[in-house]
Amino acid sequence: QVRLVESGGGLVQPGGSLRLSCASSGISFSFTTMGWYRQAPGKQRELVAHITGGLSTYYANSVKGRFTISRDNAKKTVYLQLNSLKPEDTAVYYCNRNPPWSDYWGQGTQVTVSS
């Protein structure tokens with residue numbers, strides 16, 4: 001059974017940083033392209049970044065140069081380092097495969113950027 005558990009969100013001031021973690025189980029993690037997604041209130045869920053098994057990365061233009069995705073295959077965990085946060089980064093952040101499994105979204109972790 002696939003399980004994805006996100007953590008690390010919180011309230012941070014503009015310009016601050018957070019590190020999100022996503023622990024997985026039930027998947028062949030090392031061979032899976034893992035992504036971070038976010039959904040802001042009233043908006044559709046969007047892909048923020050992904051990392052392949054070969055460590056190639058993709059970033060949405062809105063976060064390029066500020067966010068960094070990484071993975072630890074031994075821990076079956078994917079991370080997202082968020083730097084230089086802006087109010088528009090406020091959203092619930094989720095991890096999933098890219099393309100995502102429709103049935104296996106976790107609960108997400110809330111990131112709120114506000115002064």
Pop out the ³J(HN,Hα) list for the range 24-39 in order, Karplus 6.51 cos²θ - 1.76 cosθ + 1.60 with θ = phi - 60°, rounded to Hz; leave Gly and Pro as x.
10, 8, x, 10, 7, 4, 4, 9, 9, 6, 9, x, 10, 10, 9, 9
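Can you give the extra length, in nm with one decimal, that the chain gains between SER30 and ASP72 once fully stretched, where that is 0.36 nm per residue apart less the Cα-Cα distance? Walk me through the numbers on the way to the answer.
Details: separation 42, 0.36 × 42 = 15.12 nm, distance 0.87 nm.
The SER30-ASP72 span can extend by a further 14.3 nm.
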From phi via Karplus (6.51, -1.76, 1.60), per-residue ³J(HN,Hα) for the range 106-114 in Hz, x at Gly/Pro
x, 7, x, 9, 7, 10, 10, 10, 7
Take the alpha-carbon positions of the range 7-115, form their convex hull, and give its projected area averaged over all directions (one quarter of the hull surface) in nm².
6.4
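Within the accessible area of the chain, what % is carbon and sulfur when the probe is 1.4 Å and the other protein chains stay in place? Working shown, then result.
Details: 2800 of 5990 Å².
With neighbouring chains kept in place, the figure for the chain is 47 percent.
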A chain fully extended from TYR104 to LYS64 at 0.36 nm per residue, minus the present Cα-Cα distance, gains in nm 11.8 nm
So if the hydrodynamic radius of the range 46-96 is defined as the Kirkwood radius over C-alpha pairs, what does Stokes-Einstein give as its diffusion coefficient at 4 °C and 1.567 mPa s, in µm² per second?
110
Percentage relative contact order, the range 58-100, counting C-alpha pairs under 8 Å, at least six apart
27
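List the relative contact order of the chain as a percent without decimals, with contacts defined as Cα pairs under 8 Å and 6+ residues apart.
Details: 266 pairs, mean separation 42.4, N = 115.
Result for the chain is 37 percent.
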In Å², what does the accessible area per residue of the chain work out to with a 1.4 Å probe?
52
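The values are calculated or read from the model by the stated rules, or taken from the named source; none is laboratory data. These numbers come from a predicted model, not from an experiment. Ligands, DNA and RNA are excluded from the accessible area calculation, which covers all protein heavy atoms including side chains. Shrake-Rupley method; radii C 1.70, N 1.55, O 1.52, S 1.80 Å.
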